[in-house]
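Accompanying notes for the structure given below.
The values are calculated or read from the model by the stated rules, or taken from the named source; none is laboratory data. The structure presented is a predicted model; accordingly, all values stated were derived computationally and were not measured. Positions of Cβ are generated from backbone atoms using ideal geometry, with glycine treated the same way; all protein chains shown enter the neighbour counts.
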Amino acid sequence: MVWSPPRIRTSRSRLAGFVLLMLCSGASGCALKPSMLASMHAQLADRNAQLVSRNQTPKFDDPPAPRIAATGAAPGVISAPKPFAWERVGQSAGKRPFQRLTVGQDGFRTLVVGSVGGNDPAAVGFVDELAKYLHNNSLILAGFESTVVRTLNPDGESNRKLTNQDGIYINHQFLKSSNNSASTKQTAEVRFLLQQVESVRPQRIVHIRSVQGNRGMIAASKNAAIIGREIAEWLEFEFVELPGKAKDGTLERYFAEQGENQIIMFGIPESLKGVDLWDTCSDAALNLLLKENFSTRELARKQKSPGAANRNLGDSANP
């Protein structure tokens, strides 16, 4: 037997001794039987394979084995938004569903109303793009909640008319019961919007529609005049303070006189369409949805106390 010091009795040294033994046996004239020689070769090959396997370089970059997700979501994990789709709710006078989308949670609340005049493809198309943008960026737009109604007049959109299925122009139907007894029989579209305002309780309502001419218009209630003027100056639109000369029965006058919510009419110039419309007006529209100021915080505080909101705005002339 070949000896080696204990401190170097490794697998490699034993293998070397084994080989040396074979050589010495051959040199001394000791004959080895073929069967014994074959056995030695087999043991040598097996031992060499074990050493190669043991001394392979570890692989640190292998991906970890996949884990099965736990039943409950881990704290702080935000799920990716579902594919964009309008929710169908309620019914118009012509039994057509309204299309609605709610994005975000808590924070500053806005209610976006697509054109009351159904035959307004530019405004409805703009609201489509706005809703998709909010949906796709909901993970990074924190601290807000926006409910979007694609159009308040699906009948008019389908029939390419300004009126609903009953031939009624919706933006003449927001009347107080004290002014017109007919208001007790509100159209389905008016009832639906008032229900949305009641459930969402928005600080700000934004009505997006088209206006005639090459210059747009921003009309804002007194409690939204600051942000309204800023947006109008930014876009070089005309600015009007509500209720002003807004006609009785319009959505704008109704909510401006109520005073419980800010109301802003975002009037798109009819000359802007498609990509040009989005590129020109999208940033301004997002500011209307996401930007709050002192007056909106004060309004939100008052809304927590029913009946405490300021209802005495009065009329003010157009600037």
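The table below gives the values:
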item	result
Unique match (being surrounded by fewer than 22 Cβ atoms within 10 Å (Cβ to Cβ) and either in the same structural domain as ASN119 (by TED's automatic domain parsing) or under 24 Å from ASP128 (Cβ atoms) (or both)) among GLN196, GLN173	GLN196
Those residues of region 123-161 which are among the aliphatic types (A, V, I, L, M), at pLDDT 95 or above and in a helix (DSSP H, G or I), in sequence order	ALA123, VAL124, VAL127, LEU130, ALA131
Extreme residue, nearest to the chain's Cα centre (by Cα), among residues of region 115-162 that are surrounded by fewer than 16 Cβ atoms within 10 Å (Cβ to Cβ) and among the aliphatic types (A, V, I, L, M)	LEU139
Residue match in region 295-306 (condition: at pLDDT 50 or above, among the charged types (D, E, K, R) and within 24 Å of the chain's Cα centre (by Cα))	no
Flag for LEU111 being within 18 Å of the chain's Cα centre (by Cα), assigned to a strand (DSSP E or B), assigned by TED's automatic domain parsing to the domain that holds GLY167 and on the phi < 0 side of the Ramachandran plot	yes
Members of region 83-102 found to be closer than 20 Å to ARG201 by Cα and buried (at least 23 other Cβ atoms within 10 Å of the Cβ), listed by number	PHE98
Any hit, region 265-279, residues being modelled with pLDDT under 95 and either closer than 16 Å to ARG109 by Cα or polar (S, T, N, Q) (or both)	yes
Scan of region 205-256 for residues that are basic (Lys, Arg) and in a helix (DSSP H, G or I), ordered by number	LYS222, ARG229, ARG253
Of residues in region 257-287 being within 13 Å of GLU230 (Cα to Cα) and in contact with a Phe, Trp or Tyr (Cβ under 7 Å, 6 or more places away or on another chain), the one surrounded by the fewest Cβ atoms within 10 Å (Cβ to Cβ)	ALA284
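Conditions tested, residue by residue: (1) free of Cβ contacts under 8 Å to residues at least 60 places away in the same chain; (2) out of contact with any Leu (no Cβ under 9 Å at 6 or more places or on another chain).
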residue	(1), (2)
LYS185	yes, yes
GLU189	no, no
LEU193	no, no
ILE218	yes, no
ILE226	no, yes
GLU230	yes, yes
